[in-house]
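**Q** Got a structure here, written out as structure tokens. Questions coming.
Every number in this text was worked out from the coordinates using simple rules, so none of it is lab data. Computed from a prediction, not measured in an experiment: that's the story for all the values here. As a convention, Cβ positions derive from the backbone with ideal geometry for all residues, glycine included, and neighbour counts pool all protein chains shown.
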Amino acid sequence: MAGEFDFINWIRAQSLKSDNLLVPPGDDLAVVKWKFDDLLLVGVDQVLDGVHFDSSIHTPRQIGKKVMNRNLSDCAAMACLPAYALATVALPRGRNIDYAKELYLGLREAGDAFDCPVIGGDTGSWDGKLVVTVTILGRSAGVKPITRAGAKVGDGIYVSGPLGGSILGRHLIFEPRVVLAREISARVSAMIDLSDGLSRDLLHICRESGVGAIIYADAIPVHEDAMALSQQDQRPPILHALHDGEDYELLYTASPTDNLPGTRIGTINAASEGILLQSEWHREPLDPLGWEHPL
Ligand SMILES: [Mg+2]
């Protein structure tokens, strides 16, 4: 694209300080010294204009931050430490280099908070909308990766924070729960980050672990944004807490004797019991609602 050399030079000038980055962005590949004697965890996440953000409303800085934070949240879900990130940007024709720089600075800002530099990427222009992908490299750093598959019958089910109504703005400015994940990692049996909504993400844990679950409606911490949204759409706040996406809190299971940080919202049951929601007066199946992205 026009100005590509300028852009690469500009990125090089952003002084990526890492003793382990032997060849920085600007060559065919970056070269890092993987000095760690541990496991490498790798993931990639893509965000699309009109689905995960709206470029007519959100700034490129915000968009870049969000993409990076989604990847960092996946690191939290596995209890690994973020190490390096790579990004690609499909830039709509007409967006200039300054726009790409702002995207980069958003990525960078979010990554810096976890010592996770952007060590490579690719940018191109096309006739479509803005698409940004980030590939994240994480390391286990002494912690066995936590998967979705370890929940056991009798485990408590916990969430790290209040849920619902993230469309009101939190979906752009959340903080990935990397620090908490590392803190609780020795005690949790399964974990996931809440990107698709509690009802859907709980289903992932139950399927992968081969278990059922009961959730106590009264125990779910409902975010004040869910209350505010309820005023607008008349949908009960609890439904927002159960089904809205993009909370980016952690959902985890652990032996209930452990005094874990977070809020206990339920118990793991045998698979044959299904996934149930216990309300004041009755129990009903907790069906994951088709998650429609807020935008
Ligand atoms: Mg995830």
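**Q** Which whole-number percent gives the relative contact order of the chain, counting Cα pairs below 8 Å spaced six or more residues apart?
**A** Relative CO of the chain lands at 21 percent.
**Q** Using a/c under 1.5 as the rounded threshold, could you call the chain rounded, prolate or oblate? The axes a ≥ b ≥ c are square roots of the C-alpha gyration tensor eigenvalues, and prolate needs a/b larger than b/c, oblate otherwise.
**A** It is oblate, given that a/c is not under 1.5 and a/b is not larger than b/c.
**Q** Sticking with this one: Extent of segment 213-281 along each principal axis, from alpha carbon coordinates, in Å, largest to smallest?
**A** 39, 27, 21
**Q** Continuing with the same structure: Along the charge dipole of the chain, pointing to its positive end and built from +1/-1 on Cβ of Lys, Arg, Asp and Glu, which listed residue (18, 213, 168) has its Cα farthest out?
**A** Farthest towards the positive pole: 18.
**Q** Can I ask one more? How many percent of Cα pairs in segment 34-77 exceed 18 Å?
**A** 41 percent
**Q** For residue 10, what is the net charge nearby, where nearby means another residue's Cβ is under 14 Å from its Cβ and Lys, Arg count +1, Asp, Glu -1?
**A** -1
**Q** Mind giving me the FRET efficiency for residue 208 and residue 28? R0 is 45 Å, r the Cβ-Cβ distance, nearest 0.05 is fine.
**A** Step by step, r from the Cβ atoms, then E = 0.75.
**Q** A follow-up question, please. Take the Cα atoms of segment 1-113, build their convex hull, and give its volume per residue in Å³.
**A** 115 Å³
**Q** Another question about this same structure. Below 16 Å, Cα to Cα, which lysines can residue 66 reach? Residues fewer than 8 away in the same chain don't count.
**A** 101
**Q** Considering the options 58, 94, 84, tell which one lies farthest towards the positive end of the dipole of segment 39-96, charges being +1 on Lys and Arg and -1 on Asp and Glu at the Cβ, about the Cα centre.
**A** Most positive-ward Cα: 94.
**Q** Using the Karplus curve 6.51 cos²θ - 1.76 cosθ + 1.60 with θ = phi - 60°, work out ³J(HN,Hα) for each residue of segment 75-81 in order, rounded to whole Hz, and write x for Gly and Pro.
**A** 4, 4, 4, 9, 6, 9, 9
**Q** So, one more: Give me the net charge for the shell around residue 95: Cβ to Cβ below 14 angstrom, other residues only, Lys and Arg +1, Asp and Glu -1.
**A** -1
**Q** Separate question: Here are some pairs, 33/129; 35/144; 35/129; 65/144; 65/129; which of them have Cα atoms lying more than 30 Å apart in this structure?
**A** 33/129; 35/129
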